[in-house]
1. Using the structure shown, decide if Ala139 is under 32 Å from the mean Cα position of the chain (by Cα) and surrounded by fewer than 14 Cβ atoms within 10 Å (Cβ to Cβ).
2. Scan the range 144-152 and give yes if some residue there is at pLDDT 90 or above, in contact with a Ser or Thr (Cβ under 7 Å, 6 or more places away or on another chain) and in a strand (DSSP E or B), otherwise no.
3. Hey, could you check the range 73-83 for residues that are in contact (Cβ under 8 Å) with a residue 24 or more places away in the chain and among the polar types (S, T, N, Q) and say which is surrounded by the most Cβ atoms within 10 Å (Cβ to Cβ)?
Amino acid sequence: MIRFTTFAALLACTLLPTSTFAQTLYRLRPGARISVYAPSVSDQPTAGTLEGLDATGLRLTRADGTTLTVRRNDIARMHVSTGMRSHTLTGTGIGALSGLALGGAMVIFGAASDSDSDIDSLDRAVYTAVMVVTTAGGAVLGTIIGALTQTENWEEVAPSRLQWRLAPTIDGGMSFGFALRI
């Protein structure tokens, strides 16, 4: 039992740090959207669809249809797309704050232009309604704009020099291997 617990703890400590790397490798397949920065190829990162990947480099197709081949040693940074993201909550917050500011300005200018200096309960109710309506309207408009605004999320693929693996063997044991990329 102690031997199994020790093995399970060792396995958990070994596999947990590599789970993110493994997920990234899973996403790094032909058809995935990637962004590659290779100073010898271009001054700017180049985004496109991954067409092929091997030990020597990769081939990607840009949005304009041209194909680019990049050697592995030339790659300084590489990112893989994790999908599109909308900005609904950010839009809601910005819209609500903008509506609140507009309502506040309307109330201030409305109170300043009011001929009598006393603010009665009817004025308070109107001012409150103006604040509520402008804040809610701004939040709704901001939500719509935020939902329609989408950006692409990118995850960096670490150019790890040291790669290792721990895998079960057919006979029930474990094998451990590592490689150092120079």
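The values are calculated or read from the model by the stated rules, or taken from the named source; none is laboratory data. Quick caveat, the model's predicted, so the values are computed rather than measured. Note that each Cβ is placed from the backbone with ideal geometry, even for glycine, and that neighbours are counted across all protein chains shown.
1. No.
2. Yes, the range 144-152 contains a residue that is at pLDDT 90 or above, in contact with a Ser or Thr (Cβ under 7 Å, 6 or more places away or on another chain) and in a strand (DSSP E or B).
3. Ser81
Residue-wise test of (1) exposed (fewer than 12 other Cβ atoms within 10 Å of the Cβ); (2) within 30 Å of Ile144 (Cα to Cα).
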| position | (1), (2) |
| --- | --- |
| Ala38 | no, no |
| Thr46 | no, no |
| Leu53 | no, no |
| Thr56 | yes, no |
| Asp64 | yes, no |
| Arg71 | no, no |
| Arg85 | yes, yes |
| Leu89 | no, yes |
| Gly95 | no, yes |
